[in-house]
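Below are the structure tokens for one structure; questions will follow.
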Amino acid sequence: MSNSDRHSVRRVVLPSGRTIDVVYFEDVAPPETIPAADSIEGLHVCPLCDSRLVHPVSFAGDGPDRWEITLQCPNCGWLGDGSFDRELVDELEDELDRGTKALVRDLKRLVRANMEDEIDRFVHALEADAILPMDF
Ligand SMILES: [Zn+2]
């Protein structure tokens, strides 16, 4: 088994009660934790590499309307933490939601494309008389 096969999953519960699963690969060196800034673009944007895939690693309440969050960038490995107000956290959750929907959409497209590809090959094989009753 190669190193890239080893991974672990950590479940993060968002303030709204929804949960997301974060997958960690062991061959990625744990980066130094540096503070996250209240970015104008939102918490999902990496301050180092501008990737828009930053996700929370942990959430903890920090007063009635603030959250202490550790964030991680899957692209460059940046880790950051900070205390953020509800508005920013809500935006992050919306962004995570959008990301999940986009993933599901892409997966459906991929499944459909694979099926179309198989159907095409089947039709070509039929036309070429390459499929005979004994194949079934
Ligand atoms: Zn990054």
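The values are calculated or read from the model by the stated rules, or taken from the named source; none is laboratory data. Computed from a prediction, not measured in an experiment: that's the story for all the values here. Every residue, glycine among them, receives a Cβ derived from its backbone with ideal geometry; neighbour counts consider all protein chains shown.
Quick check on my filter: what residues within region 53-65 are in contact with a Lys or Arg (Cβ under 8 Å, 6 or more places away or on another chain) and surrounded by 15 or more Cβ atoms within 10 Å (Cβ to Cβ)?
Within region 53-65, the first condition is being in contact with a Lys or Arg (Cβ under 8 Å, 6 or more places away or on another chain), and the residues that meet it are 57, 65.
Result: Val57, single match.
Given the condition loosely packed, with under 11 Cβ neighbours inside 10 Å, more than 14 Å from the ligand (Cβ to nearest atom), not small (Gly, Ala, Ser) and not in a helix (DSSP H, G or I), answer yes or no: does some residue in region 85-99 qualify? Break it down into steps so the answer makes sense when it comes.
First pass over region 85-99, keeping only residues loosely packed, with under 11 Cβ neighbours inside 10 Å: 87.
So of that shortlist, the ones also more than 14 Å from the ligand (Cβ to nearest atom) come out as 87.
Filter once more, keeping what is not small (Gly, Ala, Ser): 87.
Adding the requirement that they be not in a helix (DSSP H, G or I) leaves none.
No, region 85-99 contains no residue that is loosely packed, with under 11 Cβ neighbours inside 10 Å, more than 14 Å from the ligand (Cβ to nearest atom), not small (Gly, Ala, Ser) and not in a helix (DSSP H, G or I).
Something else about it: Name the single residue that is nearest to the ligand (Cβ to nearest atom) among those in region 42-81 being within 17 Å of the chain's Cα centre (by Cα) and among the charged types (D, E, K, R).
For region 42-81, the residue satisfying everything is Asp50.
Looking at (1) more than 18 Å from Val23 (Cα to Cα); (2) among the hydrophobic types (A, V, I, L, M, F, W, C); (3) touching a residue at least 24 places away in the same chain (Cβ under 8 Å); (4) away from the ligand (no atom under 16 Å from the Cβ), which is the only condition Leu110 fails?
Here Leu110 meets the rest and fails (3).
OK, next. Filter region 40-62 down to the residues that are modelled with pLDDT under 80 and closer than 16 Å to Glu93 by Cβ and list them by number.
Just the residues of region 40-62 that are modelled with pLDDT under 80, to begin with: 40-41.
Glu41 - this is the single residue of region 40-62 that is modelled with pLDDT under 80 and closer than 16 Å to Glu93 by Cβ.
Looking only at residues in region 53-71 that are of a type outside the set (Gly, Ala, Ser) and touching a residue at least 40 places away in the same chain (Cβ under 8 Å), which one is farthest from Arg98 (Cα to Cα)? Spell out how you get there, then give the answer.
Residues of region 53-71 that are of a type outside the set (Gly, Ala, Ser), as a first pass: 53-57, 59, 62, 64-71.
Narrowing the set further to residues that are touching a residue at least 40 places away in the same chain (Cβ under 8 Å) leaves 53, 55-57, 59, 67.
On the way: Leu53: 11, His55: 12, Pro56: 15, Val57: 18, Phe59: 19, Trp67: 21 Å.
Only one residue fits best here, namely Trp67.
Continuing with the same structure: Taking Pro74 and the conditions (1) modelled with pLDDT under 90; (2) surrounded by 12 or more Cβ atoms within 10 Å (Cβ to Cβ), which numbered condition does it fall short on, given that it satisfies the others?
Failed condition: (1).
Please verify whether region 117-131 includes one or more residues that are surrounded by 10 or more Cβ atoms within 10 Å (Cβ to Cβ), within 23 Å of the chain's Cα centre (by Cα) and either in a helix (DSSP H, G or I) or of a type in the set (A, V, I, L, M, F, W, C) (or both).
Within region 117-131, none of the residues are surrounded by 10 or more Cβ atoms within 10 Å (Cβ to Cβ), within 23 Å of the chain's Cα centre (by Cα) and either in a helix (DSSP H, G or I) or of a type in the set (A, V, I, L, M, F, W, C) (or both).
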